[in-house]
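Just so you know, all these numbers are worked out from the coordinates, no wet-lab data involved. Since this is a predicted model, take the numbers as computed values, not measurements.
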Amino acid sequence: MSGPVRRRRRCRTVPLYFFDTRDDGAVIADPVGLEFPNVEAVKRQAAKSLAELARDVLPGVLRRVLAVDVRDESGDAVLTAELTFQARLLKGEPARPEPLQHFSGSYRFPTGYRMG
């Protein structure tokens, strides 16, 4: 089993991981977390979470830096998945430097949410 495991009991044997998101430096902390059986499953979920975040915030921008930082129950960093997006216009209007845009809302994946 590689997806998140629903929390059903107080005494867990499956580790809890928190998926914090970064959007051009703005951090949105995950206060709930998800349980995964191993780090490989955590890595897959971080990639899926990052792709979902990119799908929602990248349309219409020319530059953006997004990341998902994963920490364990003790707060130790487990991994970071980062995406730097930059589009260059090659035809048409001359490209003007666009300031980095920040995602102004809160983005939180529902508890037990599985992408893909």
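Taking a ≥ b ≥ c as the square roots of the Cα gyration tensor eigenvalues, segment 16-93 comes out prolate, since a/c reaches at least 1.5 and a/b is larger than b/c. Residues in segment 73-88 carry Karplus couplings, in order, of 4, 8, x, 6, 5, 9, 6, 10, 10, 10, 10, 10, 10, 8, 10, 10 Hz; the curve used is 6.51 cos²θ - 1.76 cosθ + 1.60 with θ = phi - 60°, and Gly or Pro positions show x.
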